[in-house]
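The values are calculated or read from the model by the stated rules, or taken from the named source; none is laboratory data. On a predicted model such as this, the values are computed, not experimentally measured, just so you know. Here the Cβ positions follow ideal geometry from the backbone for every residue, glycine too, while neighbour counts run over all protein chains shown.
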Amino acid sequence: MPAHGMQLYHGTKANLKPGDLIAPGFNSNYGKRKKAKYVYLTATMDAAIWGAELAVGENSGRIYIVEPTGPYEDDPNLTDKKFPGNPTKSYRTRHALRVVGEVTEWQGHPPEQLQAMRDHLEQLKQQGIEAIED
């Protein structure tokens, strides 16, 4: 379990307010929109910004400060495969996240960097590799 007292974030396009719960089982923001078993959270702003920017939806991206209501673990998609040791501090949980605040001042990635990431995810999809595995 990561250190207690660490600020944790969830990037999304959903419009939420403090006290709201973000629960697994809603359609996943990414991939084939199958029911998600996990909610994802991160301790780094950069990962939260990617989450907000790449989430599906028409709204603009939002970054919420969240607290997990149950245990959470390293996100294996990022830790095992791409970045051993979890430097992006990305986690997942089967429990709801409680919104405790919102980060309103954040700088998105430049459009060309965002497009490069979208192209990369599209290529993975063409190859049949989904970003999120259960």
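Can you find a residue in region 1-17 that is at pLDDT 90 or above, of a type in the set (S, T, Y) and out of contact with any Ser or Thr (no Cβ under 7 Å at 6 or more places or on another chain)? Yes.
The single residue among N59, N86 that is at pLDDT below 90, surrounded by 14 or more Cβ atoms within 10 Å (Cβ to Cβ) and part of a loop (DSSP other than H, G, I, E, B) turns out to be N86.
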